[in-house]
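Notes for the one structure printed next.
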Amino acid sequence: MIFSINTYFLEIEAQFLGIEFQKPFLEAQLAVVNGSRKDYPSNGINFASAGSGVLQATNPDWGVISIQQQLRQFQALVQQNQIDKELVQNSLFLVESGSNDIFNYFLPYDTPTLDPGAFVQAMLTEVGDLIDQIYKLGARRIALFSLGPVGCIPARALLPGAPVDKCFGKMNLMVKKYNKGLESLVNDMPIKYPGAVGVFGAVYDIVQRFRAIPAQYRFSDVTNACCGDGTLGGLLQCGREGYKICPNPNAFLFWDYFHPTENTCKLISKALWGGKNSRIRPVNLKILASTP
């Protein structure tokens, strides 16, 4: 069983486990409420909400479900005995969130009230609180995935002053500080949370390897969006009037201005599932899934 919060790699990891893809929480909830299914699915639930972050202040106008609300949804299911507690203890919890928070820090509309270091620490505090709560609710196998190099996404073309001929260094510096903090949370788990096993997925390093030696992974473009238009394919969002789609999406690192292609996700998921210590540590997801 898999519970996920804001991760791109859920469907592929489910395939590695040989289980059916997890339904979104609201879809599963509706099916139970209207009687079309008796119970919540036993293969896991996807609580992710597109556009959300780890901070409640991230994209509220988009109608996103904050990570805090996602936690409350899971908490209600456990406390109301809608999910078997033993099943929860044997499940994988996959957490990946924060890209929207850090990207939004550089938007020109509002002046940040915190300096970059304090902002990252506020994000890590929220993740720490999340881990505390899911542990109390029975989570014992927890994977925290780092952010990728957000400063390299095509959407940086929308930001005043951001370079388009190279990655946005200031943004990636915040990402690396956040990722370092996530790994510290994982390293602290054995002591802070008896019986829990945590792993850290080094997505940043995985993606940077794709960018450094693209031909080895059959990428022909690791800079521009396959779907979109304008500078880096990042000025016009995919799906909006005038957008263009590349003829070979599998050869692109980025699908649109913000997201990786399906092929990129598959490669990342493969590294997280069975990769060595430089990709995911202290053990990979395959070993974590088989941990008693």
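Assorted remarks:
- Potential extension, Ser278-Glu262 segment - 0.36 nm per residue separation minus Cα distance: 3.5 nm
- On full extension, the segment bounded by Ile287 and Thr113 gains 58.4 nm, given 0.36 nm per residue less the C-alpha separation.
- Where labels lie 7 Å past Cα in the beta-carbon direction, separation of Gln69 and Leu235 in nm: 3.4
- Within the shell defined by Cβ-Cβ distances under 14 Å, the residues around Leu114 carry a net charge of -3, with Lys and Arg each +1 and Asp and Glu each -1.
- Reachable aspartates and glutamates from Lys166, criterion Cα separation under 20 angstrom, eight or more residues apart if same chain: Asp205, Asp221, Asp229, Asp256
- Using C-alpha pairs below 8 Å separated by at least 6 residues, the relative contact order for the chain is 16 percent.
- In the chain, a dipole from Cβ-located charges (positive for Lys and Arg, negative for Asp and Glu) runs towards its positive end, and of Ile67, Gly233, Ser184 it is Ser184 whose Cα lies farthest in that direction.
- Cβ-derived FRET efficiency at R0 45 Å, Val32 paired with Lys176, nearest 0.05: 0.60
- Positive-end extreme of charge dipole, the chain - chosen from Leu87, Ile245, Gly51 (charges on Cβ): Leu87
- Here the stretch 51-172 is treated with +1 on each Lys and Arg Cβ and -1 on each Asp and Glu Cβ, and its dipole about the Cα centre works out to around 240 debye.
- The simple spin-label model puts a point 7 Å past each Cα toward its Cβ; for Glu86 and Glu20 those points are separated by 2.2 nm.
- Charge dipole of the chain (Cα centre as origin; +1 on each Lys and Arg Cβ, -1 on each Asp and Glu Cβ, all else neutral): 780 debye, rounded to the nearest 20.
- Ligands, DNA and RNA left out, the accessible area of the chain computed with a 1.4 Å probe is 52% carbon and sulfur.
- Which of Thr125, Asn172, Ser99, positive extreme of dipole for the stretch 59-199 (C-beta unit charges): Asn172
The values are calculated or read from the model by the stated rules, or taken from the named source; none is laboratory data. Treat the numbers as computed from the prediction; the structure is a model and nothing was measured. Reconstructed Cβ throughout: ideal geometry from the backbone, glycine too, with neighbour counts over all protein chains shown. Please note that ligands, DNA and RNA were not included when accessible areas were found on the heavy atoms of the full protein model with its side chains. Shrake-Rupley method; radii C 1.70, N 1.55, O 1.52, S 1.80 Å.
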